[in-house]
1. Which of the residues spanning the stretch 177-231 are assigned to a helix (DSSP H, G or I), surrounded by fewer than 19 Cβ atoms within 10 Å (Cβ to Cβ) and in contact (Cβ under 8 Å) with a residue 60 or more places away in the chain?
2. Within the stretch 70-81, is even one residue among the aliphatic types (A, V, I, L, M), surrounded by fewer than 16 Cβ atoms within 10 Å (Cβ to Cβ) and outside any loop (DSSP other than H, G, I, E, B)?
3. Please determine, by comparing only the residues of the stretch 118-150 that are assigned to a helix (DSSP H, G or I) and out of contact with any strand residue (DSSP E or B) (no Cβ under 9 Å at 6 or more places or on another chain), which one is surrounded by the most Cβ atoms within 10 Å (Cβ to Cβ).
4. Which condition does THR341 not pass, out of (1) in contact with a helix residue (DSSP H, G or I) (Cβ under 6 Å, 6 or more places away or on another chain); (2) farther than 22 Å from PHE15 by Cβ, if it passes all the others?
5. What number of residues in the stretch 10-56 are of a type in the set (A, V, I, L, M, F, W, C) and in contact with a Pro (Cβ under 6 Å, 6 or more places away or on another chain)?
6. Taking the condition of being free of Cβ contacts under 8 Å to residues at least 60 places away in the same chain and part of a loop (DSSP other than H, G, I, E, B), how many residues in the stretch 343-363 meet it?
7. Show the residue pairs meeting these rules: Cβ distance below 7 Å; 6+ apart or different chains; first residue within the stretch 126-155 and within 16 Å of THR264 (Cβ to Cβ) and assigned by TED's automatic domain parsing to the domain that holds ASN261; second residue charged (D, E, K, R) and in a strand (DSSP E or B).
8. What number of residues within the stretch 47-93 are under 18 Å from THR382 (Cβ atoms), among the hydroxyl-bearing types (Ser, Thr, Tyr) and within 21 Å of the chain's Cα centre (by Cα)?
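The values are calculated or read from the model by the stated rules, or taken from the named source; none is laboratory data. Model, not experiment: these values are computed from the prediction. Reconstructed Cβ throughout: ideal geometry from the backbone, glycine too, with neighbour counts over all protein chains shown.
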Amino acid sequence: MEKTVVELFAGVGGFRVGLNEVKSINKKGRAIEKNNFDFVWANQWEPSTKTQYAYDCYIARFGNDKESNINIDIAKIDKKTIPNHTLLCGGFPCQDYSVARSLSKEEGIKGTKGKLWWEIYDVLKTKRPKFVLLENVDRLIKSPSKQRGRDFGVMLYCFYKLGYSVEWRVINAADYGFPQRRRRIYIFAYEKKTIYSISHNKLKIDELLVKNGFFAKTFLVKKEPNDSILMKTLNDYNELVEVSDNFAFSFKNSGVMVEGNIHTLTTVPNKRKSKQLIDIIQKNEIDARFFLNEKQKKKISELRGSKKINRTNSEGKKYVYSEGSMSPYDNLFLPGRTMLTSEGTINRSTHIIKDFNNNELRVLTPVECERLNQFPDNWTDTMPEKKRYFMMGNALVCGVIKKMGKEISKIIDCEE
C-alpha cells in the first residue's frame with residue numbers, strides 16, 4: 001500500500017512538517033523533507049481575505065504545483081477530482097469550539113466553520129481513504145454546552161456508517177516532552193476491512209485504550225485509578241438527524257468506537273520530561289521592538305492581576321466576572337502555555353518573558369513561536385509579522401504528528 005496523503009485545511013503545513021520530519025529550509029526557501037509520505041494533494045483556503053498568507057507560505061515551502069496544492073474553497077471542489085490516497089489528514093477549523101470563544105457564541109457543527117466537517121465527510125464518502133488523522137481543540141468532545149458530546153457523536157456516527165473504526169485521545173504536548181502545554185484531541189480512523197482493523201478487533205477494549213491501540217502505543221498512558229470504561233452504542237439511532245437531535249454523552253479523554261459501540265476511559269499520561277521555554281528562546285540579541293515599554297508593562301500588570309468586575313448579560317441579569325492573578329512574566333523553566341492567535345499582542349494570554357541577555361520584559365519573537373510548535377526557524381517569514389503570530393496560534397505541535405507518523409508508517413507497511 002502506498003503512503004499517499006491528502007491534507008485538508010493545510011494552513012502552513014503542520015501535518016506535512018510532522019509526517020515528513022521537516023527540520024530545515026534550504027537556501028531557496030524550500031522544505032527539506034524526508035518524504036516518509038507522498039503528499040499528492042493539499043487544500044488551503046481562508047475566506048474573507050484577499051491575500052492568502054497561509055497558502056502562500058505552504059507553496060513557498062513545498063512548491064507551487066497548482067494541480068496538487070489547491071487554493072479554492074473546499075466546498076466548491078468536486079471531491080471526485082481529489083486523487084486517491086491512503087491517509088486523509090487535517091486540523092479542521094475549530095473557531096466554533098475554541099475556548100477563545102464564549103459559550104454564548106458557541107455553535108458547534110451548526111456553525112460556519114463547523115460546517116467544514118461535512119466537507120471532510122464528503123471526501124470520506126467519495127474517496128474512501130483507508131486511514132484518517134484529524135486534530136481539533138479538546139472542547140470538541142464536550143460541544144455544544146446544551147447537549148454535551150453531540151458534535152463528536154455526530155462525527156462518530158458518520159465514521160461508523162461509512163465503515164470506519166475510530167480511536168481518539170486528548171493529548172497535552174508537554175506531557176510527552178514538547179515545549180508547549182497545548183492540549184488537543186486527535187482522531188485516528190481506519191476502515192474496518194484493513195489488516196490493522198481486523199487485528200485490533202481481536203483485542204480487548206481496555207487493551208486498545210491503554211496498551212496496544214494506536215494512541216496507547218504512541219503516547220504511553222495508564223488507567224486513571226478508580227475509573228471505569230463508559231459505554232454507549234450508536235446502533236440505537238436510525239439516522240443522522242436522530243443523533244443530532246438526541247445524542248448526549250460524557251466522553252472521556254481516551255476512547256474507541258468499533259461497530260458503532262463507543263467505549264471511553266480516563267487515562268493518565270506516562271509523562272516525559274518536557275522541554276522548557278529556556279530551550280526554545282533565542283539567545284542572540286533581540287530587536288528592540290519586542291521589548292515592553294513602560295506603558296505596556298503597566299498594561300500587562302493590570303491584565304494579569306486579579307479582578308472582579310460587575311457586568312450585565314444580554315438578558316439584563318447582573319453578575320460578577322472574576323479572574324485570578326497570573327505571574328507578571330512566564331517562567332522560563334516550564335513549557336510554554338497554549339499559544340493563541342493573539343500571541344505577540346499586549347493581552348493577558350500573551351507570553352511575557354525576561355530576555356536571556358538583559359532580563360528585560362519582552363514578548364516572544366515569531367521564531368520562538370515557531371519553535372514552540374516545532375516548525376523550522378523562519379518558516380512563516382513569507383508573511384507580515386502579525387500574521388506569523390496568528391498562524392502559530394492556529395497551528396499544531398509538529399512533533400506530536402511526527403510520533404504518530406512513525407506509527408502510521410508501520411501500520412501501512414503491514415497492509416497489502
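1. ILE195, LYS217
2. Yes, because at least one residue in the stretch 70-81 is among the aliphatic types (A, V, I, L, M), surrounded by fewer than 16 Cβ atoms within 10 Å (Cβ to Cβ) and outside any loop (DSSP other than H, G, I, E, B).
3. Within the stretch 118-150, the subset assigned to a helix (DSSP H, G or I) is 118-127, 138-142, 150.
Keeping just the survivors that are out of contact with any strand residue (DSSP E or B) (no Cβ under 9 Å at 6 or more places or on another chain) gives 118, 121-122, 125-126, 142, 150.
Values: TRP118: 13, TYR121: 18, ASP122: 16, LYS125: 12, THR126: 13, LYS142: 16, ARG150: 21.
Among those that are assigned to a helix (DSSP H, G or I) and out of contact with any strand residue (DSSP E or B) (no Cβ under 9 Å at 6 or more places or on another chain), it is ARG150.
4. Condition not satisfied by THR341: (2).
5. Residues meeting the conditions: 3.
6. 10
7. Close Cβ pairs satisfying both conditions: ASP138/ARG183; ASP138/ARG184.
8. Residues meeting the conditions: 3.
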